[in-house]
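The values are calculated or read from the model by the stated rules, or taken from the named source; none is laboratory data. On a predicted model such as this, the values are computed, not experimentally measured, just so you know. Note: ideal-geometry Cβ built from the backbone for every residue, glycine included; neighbour counts use all protein chains shown.
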Amino acid sequence: MESETMLCTTDQCVEQEPQYTHIDRNEFSQRRHKKQEEEEILICECKCDEKDLESACGERCLNVLTSTQCTPGYCPCGVYCKNQNSDMVKEERPQITRRATRSSALAKSVVEETDTSSQHPNDASASSDIIKEESPQISRRTTRSSVLAKCSNNVVEETDANSQQQPTLDDLVIGEGESFSFDDLVSSFPGKESQIKELVHLLGPQNSPMLPIFIYGGSSTGKTSIVLQTFRHLKRPFVYSSCLTCYNPRIMFESILNQLFLHRKKAENGYSSAKRCERPSDFVNFLREALVSIIGNPQGQKSGLSSKRSGKANGNMIYLIFDNLERVKGWDKGSTVLSLLFNLYDTLKMPEVGLIFISNTSPDTYDSNMGYVEPNPLYLPDYTDDDLGQILMRHQANKKLYTSFLSVVLRPFSRITRRVDELSSAFSLLFRKYCEPITDLGVFPNEEMKRKLFSQFQPHIAPALNEIFKVSTQPSTEVEARERKPKVSTRKSRGYEVADQLDFHMSTSAKYLLISAFLASRNPATLDASLFDSTGGSNNRKRKRKVSEKSMEQKETAEQELLIKGPGTFPMERLLAIFQCITSVAEDPLDDEEQAQDGLGIQDGHCGLMSDVLLQLTSLCGANFIVKGGSCPLEGSTRYRSTVSEDMALQVARSIKFPLSKYLYRR
Amino acid sequence: MGRESPAEKALILLRTRLCDPNFIFRPLCESSDSNYSKLKFLVSSSITEACNNSILLLGPRGSGKIAVLDLVISDLLQEYPDTITVIRLSGLLHSDENCALKEISRQLCTEHQLLFSKMASFDENSQFLIAMLRECGLAHKTIIFVLDEFDLFALGKQRLLYNLLDALQSVTSQAVVIGVRCGSAFGKRVISRFSNRKLLFLPPSKEDIQRLLEHILLLPTDSGLPTDYVVEFNTKLQNILADERFEEIINTYLNIDSTIKDFLRYLFRSVSNMDLQSGMLLLENFKTALSNIQRHPKMECIKDCSILELYILVCMKRLEVKEHNSYNFTTVMKEYKSVHDSFQTSDYYAKNVCLRAFEHLLQRGLIEFIDNRGQNQSVEYRPVKLLISFHQLHQGLKSYRSCPAILQKIMDREK
């Protein structure tokens, strides 16, 4: 179908290069494709006779009678099955070529359509003197995750080489060619020497079996990179799969099997996996098969090695590495997968297999009702301040200058977080700030200069501490914005940074909507009537407060409850009612002097206010200011909740001069 | 690869031994009242007498039930070649009866060189099984079903177990069903069909451990290693084994983990610490292995925390002491603020910074959300709970390198 449409359009716009994306199958906007489970496949009971092909899945076929299509590969009639969707039958697609003239194009395409012999694309384009069709560039991916790209800088070379040659067992080794000594390994990970030694000890000498290892430690303590670099040093074959990228059991199983079967997804095999594998039982069977074939004839595999590649797999052990294991806990049926993985060593009973688990959380968080023999724990602690300094010093041009910078910032910042990634991103901006007074970045700072720099830099530290995790959308403007912010936060004794201006733009009606959502979430629904009566409700509020002051204890528990429960939910009707009230109050010129000033502006905008308010609501939902909650079981309508903090709401109210505090019910 | 040093060779040998359950359990099977001989007697008698039988192997995880069973089966396979077919199922993999029957037929097919079809339906597979049982019975061949993780087969409808045991009683067949399990709860329907034969696997005794140690760690003289090296190694090892300190170390370990698998894990750890230069096992290796294998994950987590994270932990603990039965980030923040107000600490940070620290704590597994519902509620309001005890936190703060004195003071006061 697609090829036809393409043929029609090609001659209409020969000059212009049309943009097409090839889709393999229909994509429905309203529903998603459903994956057929192996258990759901219906198998008919037809018996096919080789001589009488009409007997295969004819009118008496169970599946035909129930209007079900036979699944290829499962139907007992096999290739003779006639109960197949016609477009499922694979046929040679005609080669699409672009012609100079219309008539020749037609003639040629007809020829090609009739001639179903598989003409190689290159031959086709070579034989015809026409504009070559832009074939979609297939980016060839390595089977490893991108983590490895960091460690081995010859991944690109590897993939290029592999496109020609048959993959071998040696592809499971990284960092071929160069030797990588143990000292290099240790020096690239400051403060982790004893752990690396322990890991190497546990892995043992070549060809020595090992019990499963469980490596754990906080985020960014170098778990994955230490393991991968150690394997690079040892040059042993391994299979790496991260539960982060392989986000469900099936993908994980298939990725492991693909790597073991030395199978690469590419266009020729339709980007399919080596084995279709969903169930743990199939996985174990396939895994055993793959491991036996690899361990059984490593020599045979190696013989096909090209002379250029010097990185040979050392030993006959195969290591399976499971990264980000803590993710599995959140999976559907995660506990069964976990107990499968932890018991894999005992299930396989193959001493040539080493299992390594890498996890964020300690082994005691993996409690399961099944239980398992715990793997050998190996703990990677967080970096100490000294290690942090060493790590941050790497790749710095001017080490002296950076040392003086670190001596100022590292101590206060490491009180907040000790994660390298967060610190380095925070410091990269601060360092620029620190260097501002210096013109020459290559200068070696002396004591006096350090003091000067420090005195200039000091006021920036405290506010920066409170912004450490702030994600800046525009890093270039961040530095300028910083200059303004310190003043604000020094004025506020709390250290909360409250900028006077809003740093985003929003229409007036959206602001009103935001405020009404905030009010609806904060105030109890029973008080709406008294708060939003014609007078603005300020008198009522005073009376209320006196009542609540009578019992302090009650007040405290109510306050506690508010903190626990968070903002309440509200139906849309209530939101609209409040919205109407506050906009009409804002219009009222008698209400407040301040509002009278820009009352005109609001009135102008008010005509269109109600019409697109629902649209505004959806865009506020999209911006995460308002969250759509579950529907109320009694009313059945969707309920909303505002996520805006009070500071932010006050800020918004100030920007449109709306007296928000007057309407806010305080307990 | 002849260039390995004797030390390396010895290390590989020891590691191979430790990873080979057949080697480990062999000496424990010698005595006549061991589980090995009982099991072997039961199975072989049902082979010779051509009857159905079922046995249950019970014992804590890692006590070597499967290993002993494997030994028995491999011995019987040698004794009675061509009369035994072993079908192995694991509750972890085949608890779904559809899948289990498929696996049974697959294994039967490969064993008897039949063509296995993955398209066969549940019904066909169960018919095939019954037919095979009958055929084997007629040919005086025994099928041994090994059901690992038996508990999981006994969950749910137990259709597989029921079908299997039912088939055994109705068909003239010759089969042994061996269940291997660690738990204890049981369904009535299954137990009525299962015979009462049970074998209990107990943790190893002191003598067993001593025997195991010598069996595993002493190097053999006929393995191609230089004789003088083997002699030196063995004498040194004997000295260590006789040492009182060594006994103490082993006892501290066994007090915590007492199954054989745990013990092997510990030995593995000790052996892999062996110094390849000297090529000797030292008492030090056993000591470091003990400290490496017995971790205190929660304490380590506390040590890894930043000071701000410690503040949040202490605030949560304070809330707990005040008997607030449920709290979330906002209440913790309120507490944090009150701590700051009353003690004037230097570490007072903005809310978003604290929220990030809070998320770090969640990642570390020191705190967790009470319920998994409320996904649309933001993190600040979801109720959380502490996963460490007062004592752990107190100890953690004490051992922290540069714990602020104020935190210590607060904790001491709450006591």
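Structural remarks
- Any chance A:LYS302 is modelled with pLDDT under 85, basic (Lys, Arg) and assigned to a loop (DSSP other than H, G, I, E, B): no
- Candidates A:VAL292, A:VAL239, A:VAL284 - the one that is modelled with pLDDT of 85 or more and within 12 Å of chain B (Cβ to nearest Cβ): A:VAL284
- Checked across the stretch A:332-354, the condition of being charged (D, E, K, R), under 25 Å from the mean Cα position of the chain (by Cα) and within 10 Å of chain B (Cβ to nearest Cβ) holds for no residue.
- Filtered residue count, the stretch B:233-284, keeping only those that are in a helix (DSSP H, G or I) and within 14 Å of chain A (Cβ to nearest Cβ): 16
- Look at (1) more than 9 Å from chain B (Cβ to nearest Cβ); (2) assigned to a helix (DSSP H, G or I); (3) surrounded by fewer than 19 Cβ atoms within 10 Å (Cβ to Cβ) and you find that A:VAL409 fails only one, number (3).
- Residue match in the stretch A:364-381 (condition: crowded, with 22+ Cβ neighbours inside 10 Å, more than 30 Å from B:ALA67 (Cα to Cα) and more than 9 Å from chain B (Cβ to nearest Cβ)): yes
- From the options B:ARG245, B:ARG211, B:ARG193, B:ARG265, residue that is of a type in the set (Lys, Arg) and at pLDDT below 80: B:ARG193
- Leading residue by the ranking (modelled with the lowest pLDDT) among those in the stretch A:255-273 that are crowded, with 19+ Cβ neighbours inside 10 Å and touching a helix residue (DSSP H, G or I) at 6+ places or on another chain (Cβ under 9 Å): A:ARG264
- Figure legend. Inter-residue proximity from the stretch B:380-394: first residues within 9 Å of B:PHE329 (Cβ to Cβ), second residues surrounded by fewer than 18 Cβ atoms within 10 Å (Cβ to Cβ) and of a type in the set (A, V, I, L, M, F, W, C), beta-carbon distance below 6 Å, spacing 6+ or different chains. Indicated pairs: B:ARG382/B:PHE369; B:VAL384/B:PHE369.
- Residue that is surrounded by the most Cβ atoms within 10 Å (Cβ to Cβ), among those in the stretch B:209-232 that are over 26 Å from the mean Cα position of the chain (by Cα) and assigned to a helix (DSSP H, G or I): B:VAL230
- Filter result (among the small types (Gly, Ala, Ser) and surrounded by fewer than 19 Cβ atoms within 10 Å (Cβ to Cβ)) within the stretch B:83-113: none
- The stretch B:18-46 - residue that is within 12 Å of chain A (Cβ to nearest Cβ) and surrounded by fewer than 19 Cβ atoms within 10 Å (Cβ to Cβ) and, of those, nearest to B:THR227 (Cα to Cα): B:PHE23
- Flag if B:LEU133 is touching a strand residue (DSSP E or B) at 6+ places or on another chain (Cβ under 8 Å), surrounded by 15 or more Cβ atoms within 10 Å (Cβ to Cβ), away from chain A (no Cβ under 14 Å) and within 20 Å of B:ASN52 (Cα to Cα): yes
- Out of B:LYS287, B:LYS334, one residue alone is assigned to a helix (DSSP H, G or I), surrounded by fewer than 17 Cβ atoms within 10 Å (Cβ to Cβ) and not assigned by TED's automatic domain parsing to the domain that holds B:PRO404. It is B:LYS287.
- Checklist (1) at pLDDT below 90; (2) more than 10 Å from chain A (Cβ to nearest Cβ); (3) over 21 Å from B:ARG159 (Cα atoms) applied to B:GLY62, failing item: (2)
- Residue within the stretch B:121-132 that is at pLDDT below 85 and not aromatic (Phe, Trp, Tyr) present: yes
- Every condition in (1) in contact with a Phe, Trp or Tyr (Cβ under 9 Å, 6 or more places away or on another chain); (2) surrounded by 21 or more Cβ atoms within 10 Å (Cβ to Cβ); (3) among the aliphatic types (A, V, I, L, M); (4) within 26 Å of A:GLU37 (Cα to Cα) is met by B:ALA67 except one, and the failing one is (4).
- Sole exception among (1) at pLDDT 65 or above; (2) over 30 Å from B:ASP371 (Cβ atoms); (3) surrounded by 19 or more Cβ atoms within 10 Å (Cβ to Cβ); (4) not hydrophobic (A, V, I, L, M, F, W, C) for A:GLY536, by number: (1)
- Flag if B:GLU49 is farther than 24 Å from A:LYS349 by Cα, out of contact with any strand residue (DSSP E or B) (no Cβ under 9 Å at 6 or more places or on another chain) and surrounded by fewer than 16 Cβ atoms within 10 Å (Cβ to Cβ): yes
- Any hit, the stretch B:86-102, residues being more than 9 Å from chain A (Cβ to nearest Cβ), over 17 Å from B:LEU161 (Cα atoms) and in contact (Cβ under 8 Å) with a residue 24 or more places away in the chain: no
- Any hit, the stretch B:358-372, residues being more than 37 Å from the chain's Cα centre (by Cα), more than 9 Å from every other protein chain (Cβ to nearest Cβ), free of Cβ contacts under 8 Å to residues at least 60 places away in the same chain and surrounded by fewer than 21 Cβ atoms within 10 Å (Cβ to Cβ): no
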